[in-house]
Amino acid sequence: QPPGSLSTMSDKRTRDESDGDESDGSEITRPRKAVHRQRAHNNPLATSHLWRPDTPATVPLAEYYPAFCGPGARPGDAIRWVDLGCGFGSLLLELANFERRTLILGTELRHKPVQYDQKRLVAHRKESKAALPPAERTGTVAGDNVWAIEANSMKSMPNYFAKGQLTKLFICFPDPHFKKRNARRRIVSPSLLAEYAYCLAVGARVYTITDVSELTDWMVEHLSEFPLFSRVSNDALASDTLVPLLLKTDEGLKVTRNNGNMFIAAFDRLAAPKLGAEQALPRDVSAAAAATAGYTPKPGGELRGKTW
């Protein structure tokens, strides 16, 4: 193979990622993040080599969720919750402990974080099973319903998910792509919102969180203007038990350590287009949602995120 070909790069990746993660399969080995780090900013518009299914019916669910979709599994299982840009998978682990029956998928553009996530989820499944009495280890355990894959969601959402299939969509700390010429790389845009609306069921919910004020303004503006999404009030979010989990993503934990700001906004998928554009609420409303979820920056920290 010529230098730089996919197979050559894949071989090198395998060697790099094996450092510190050797296991004979009989013991539980957690992966080390240090050997799975990768440049944070990738151009999603230039990523076209990643595999994607021809149709949602050909998604290899039995490979992702063998305990749920393997031989003898009940029919009708489908992925319902998706974490776009799952990073190093902290939210996926939180969701694994929160919800045991719904199939959850994390998608990530970068190869090494996905390898880390998969090893982390496998270890979590083994730990969950080991914690049970021997007589109870034949059923499903925490983490069996969660998986992560390397995929470019900006190019392949309809390939993975059928119309109205999803009920939850998480967009947590996406790349802000600050430069004006790179705004089309943002994961929230009118064209992508049309794809999200196609894949989401009526009443499904989109969760967004970021520490960049400019980006929260952008996401809230576009989601508010889109005819098939309506913003969820902060009062309604206060009773949504998933919202506090958004603070426990990898980036959310880092922002907490650095005393930065966080902005949370959620939108529901409507059954029919709304009449006229919805007013985009100011970022203070999103900051208040984060405070209700359990995070308020210490004095001075509220200025972070407004000075990027």
* Please indicate, with yes or no, whether at least one residue in region 73-89 is part of a helix (DSSP H, G or I), open to solvent by less than 10 Å² (accessible area, probe 1.4 Å), of a type in the set (Asp, Glu) and in contact with a Cys (Cβ under 8 Å, 6 or more places away or on another chain). => no
* Neighbours by Cβ (under 9 Å, 6+ apart or cross-chain): first from region 127-150, under 22 Å from Gly87 (Cβ atoms) and charged (D, E, K, R); second modelled with pLDDT of 85 or more and exposed (fewer than 12 other Cβ atoms within 10 Å of the Cβ) -> Glu150/Trp51
* Of these, Arg231, Arg205, Arg283, which one is within 22 Å of Gly106 (Cβ to Cβ) and surrounded by 18 or more Cβ atoms within 10 Å (Cβ to Cβ)? -> Arg205
* To do: Any residue in region 207-226 that's over 21 Å from Thr249 (Cα atoms): show its pairings with residues that are of a type in the set (Ser, Thr, Tyr) and surrounded by fewer than 24 Cβ atoms within 10 Å (Cβ to Cβ) at Cβ separation under 7 Å, as long as the two are six or more apart or on different chains.
  => His222/Ser189
* To do: Take Tyr198 and decide whether it is open to solvent by 10 Å² or more (accessible area, probe 1.4 Å) and of a type in the set (Phe, Trp, Tyr).
  => yes
* To do: Residues being in contact with a strand residue (DSSP E or B) (Cβ under 8 Å, 6 or more places away or on another chain) and either without any contact (Cβ under 8 Å) to a residue 60 or more places away in the chain or more than 30 Å from Lys163 (Cα to Cα) (or both): count how many of those fall in region 283-300.
  => 6
* Residues within region 227-236 that are among the charged types (D, E, K, R) and free of Cβ contacts under 8 Å to residues at least 40 places away in the same chain, tallied -> 1
* Asked: If you scan region 97-131, which residues turn out to be surrounded by 13 or more Cβ atoms within 10 Å (Cβ to Cβ), not hydroxyl-bearing (Ser, Thr, Tyr) and not in a helix (DSSP H, G or I)?
  -> Glu99, Arg100, Leu103, Ile104, Leu105, Gly106, Glu108, Leu109, Arg110
* Asked: Of everything in region 277-287 that's more than 16 Å from Gly260 (Cβ to Cβ) and small (Gly, Ala, Ser), which residue is modelled with the highest pLDDT?
  -> Ala280
* Scan region 190-205 for residues that are of a type in the set (A, V, I, L, M) and modelled with pLDDT of 95 or more and jot them down. => Leu193, Ala194, Ala197, Leu200, Ala201, Val202, Ala204
* Structure fact -> Residue hits (region 133-147; among the aliphatic types (A, V, I, L, M) and open to solvent by 50 Å² or more (accessible area, probe 1.4 Å)) are Ala135
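Yes/no matrix, rows are residues, columns are (1) modelled with pLDDT of 95 or more; (2) in contact with a strand residue (DSSP E or B) (Cβ under 6 Å, 6 or more places away or on another chain); (3) farther than 26 Å from Asp284 by Cβ:
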{"position": "Thr138", "(1), (2), (3)": "no, no, yes"}
{"position": "Asn152", "(1), (2), (3)": "no, no, yes"}
{"position": "Phe161", "(1), (2), (3)": "yes, no, yes"}
{"position": "Lys180", "(1), (2), (3)": "no, no, no"}
{"position": "Val188", "(1), (2), (3)": "no, no, no"}
{"position": "Tyr207", "(1), (2), (3)": "yes, yes, no"}
* Considering region 151-173 alone, what residues qualify as being open to solvent by 20 Å² or more (accessible area, probe 1.4 Å) and more than 24 Å from Asn97 (Cβ to Cβ)? -> Met154, Lys155, Pro158, Asn159, Ala162, Lys163, Gly164
* **Gly305, sole failed condition from (1) modelled with pLDDT under 95; (2) open to solvent by 30 Å² or more (accessible area, probe 1.4 Å)** => (2)
* Structure fact -> Turns out the strands (runs of 3 or more DSSP E) fully within region 191-282 with at least 1 residues that are touching a Lys or Arg at 6+ places or on another chain (Cβ under 7 Å), farther than 24 Å from Lys163 by Cα and not charged (D, E, K, R) are 263-269
* Inspect region 272-279 for any residue being open to solvent by 10 Å² or more (accessible area, probe 1.4 Å) and in contact with a strand residue (DSSP E or B) (Cβ under 8 Å, 6 or more places away or on another chain) and give the result as yes or no. => yes
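The values are calculated or read from the model by the stated rules, or taken from the named source; none is laboratory data. Owing to the predicted nature of the structure, the values given are computational and were not obtained by experimental measurement. FYI the Cβ positions are ideal-geometry reconstructions off the backbone, even for glycines, and counts take in every protein chain you see. Just the protein is used for accessible areas: all its heavy atoms, side chains included, with ligands, DNA and RNA removed. Shrake-Rupley method; radii C 1.70, N 1.55, O 1.52, S 1.80 Å.
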